[in-house]
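The values are calculated or read from the model by the stated rules, or taken from the named source; none is laboratory data. As the structure is a prediction and not an experimental result, all values here were calculated from the model. Glycine gets a Cβ as well: all are built from the backbone with ideal geometry, and neighbour counts include every protein chain shown. What goes into the accessible areas is simple: the full protein's heavy atoms, side chains included, and nothing from ligands, DNA or RNA. Shrake-Rupley method; radii C 1.70, N 1.55, O 1.52, S 1.80 Å.
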Amino acid sequence: ALNIDMDKTAATTSNNTIYGINLDMDNTSATEGANTMIGMKVTPTLTHAADNGTPIVKGAVITATGTANGASTTTGMELTATGADNNSGLIINCSDTTGAAGNADLKITSSANPSDYFTIIVGAEGATNITTVDADTTAAHLTLVADGNVVLDAAADIILDAAGNNLTFKSGGTAILD
């Protein structure tokens, strides 16, 4: 196992950049065939020998902590995919377990209350559910703010189902149909 613990303790009065791991890979001699380069592959597996306990496996845990000193910025992860005929910034392939609590292809939790969250689940045939959850009340509203049009282009029906029995259409903030 590789364990890196690096602490910078000396004062710095000029600009500096610190890398914990800087991996630079180049292959400029490939001329033919399917050439694959993987910068990092992480495959943790945890299997209990008996059917008890709680196995928890995490492929990666990334914590970026900034400071309020100066004009600071903290980014947890930045992905760039460029230069190919087809570029994908992030591909998530999450096992579909129908009806299992907690399944989500993407889950974003609130920093104010991690029990409040937003999920996207993609199932068979590409069926997609977008869900918001407020753990305490029904205030997990979904608001789309578009700097342009909002287009719903369905191959079948468009269904609006309001449990509150009220649909309001506005123009410029004024209700035109309620």
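Side notes on the structure shown:
- The stretch 29-101, accessible area per residue, ligands and nucleic acids excluded (1.4 Å, Å²): 95 Å²
- Just so you know, the Cα atoms of the stretch 71-133 work out to an Rg and Dmax of 15.2, 46 Å.
- Surface composition of the chain: carbon plus sulfur atoms hold 49% of the accessible area, using a 1.4 angstrom probe and ignoring ligands, DNA and RNA.
- Charges were assigned to the Cβ only: +1 to each Lys and Arg, -1 to each Asp and Glu. The resulting dipole of the stretch 1-85 about its Cα centre is roughly 280 debye.
- Both radii were evaluated on the Cα set of the stretch 37-117; the Rg over Rh quotient, with Rh as the Kirkwood radius, amounts to 1.02.
- Given their separation in residues at 0.36 nm each and the Cα-Cα distance between them, ALA175 and ALA163 gain 2.4 nm when the chain is fully extended.
- Evaluated with a Cβ-only charge set (Lys, Arg +1; Asp, Glu -1), the chain carries a dipole of roughly 460 debye about its Cα centre, given to the nearest 20.
- Length added when fully stretched, ASP105-LYS8, from 0.36 nm per residue minus Cα-Cα: 31.2 nm
- Euclidean distance of C-alpha centroids, the stretch 100-174 and the stretch 15-42, integer Å: 38 Å
- Against the empirical 2.2 N^0.38 Å (N residues), the stretch 86-174 has a Cα radius of gyration ratio of 1.33.
- Computed over the chain, Kirkwood Rh from alpha-carbon pairs, angstrom: 23.0 Å
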